[in-house]
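Trainee: Structure below; questions to follow.
Read the figures in this text as sums done on the coordinates, not as results from a lab. These numbers were taken from a predicted model, which means no experiment stands behind them. When we count neighbours, we look across all protein chains shown, and the Cβ atoms used for this are built from the backbone with ideal geometry, even at glycine.
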Amino acid sequence: MKYKEIYAALNQRRQEVPGFSYSDYSGWRCLEQSSATLPLWVEAEDPVHHRRFIFKHYGIMIQTIIIDCDTHTEQKILHRRRDDLGTDLLALFQSELPASSPWPEARRQKCDFFKD
């Protein structure tokens, strides 16, 4: 597989973070006003951390776009090699603490610790 490091990082993240998902449009999605397909086009969503990721490979460059859903800001990162993207993605994911979703209100009210 050509992009195995990227898919390994995404699959690991999907197992660790509740609600994390990605869609793979590689090989059939085209850029605007173009008939050429991209060999890599993956869109991922991380609802726990309120971020979206877009990974595209066009020409000789691989681009990562990280979108903060709260502030709607974008961070664009260019990679020269596939291995660089996989390594950077694993480092980004491993630097974050494991996320856990908050207790549902009904369970929180049953717990003696939270009672006033």
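Trainee: Could you check the spin-label model distance between Leu78 and Ser21? Points 7 Å from the Cα along Cα→Cβ, value in nm.
Mentor: Taking the two extended label points, one gets 3.3 nm.
Trainee: Sort Arg80, Arg13, Arg52 by Cβ crowding within 10 Å, fewest neighbours at the top. Write down the numbers at each step before the final one.
Mentor: Working: Arg80 10, Arg13 21, Arg52 16.
Listing Arg80, Arg13, Arg52 from fewest to most nearby Cβ atoms yields Arg80, Arg52, Arg13.
Trainee: Now, a different point. Whose amide H sits under 5 Å from the amide H of Leu40, counting only residues 5 or more places off or on another chain, with H placed in the peptide plane?
Mentor: Close amide H contacts, sequence-distant or interchain: Gly27, His57.
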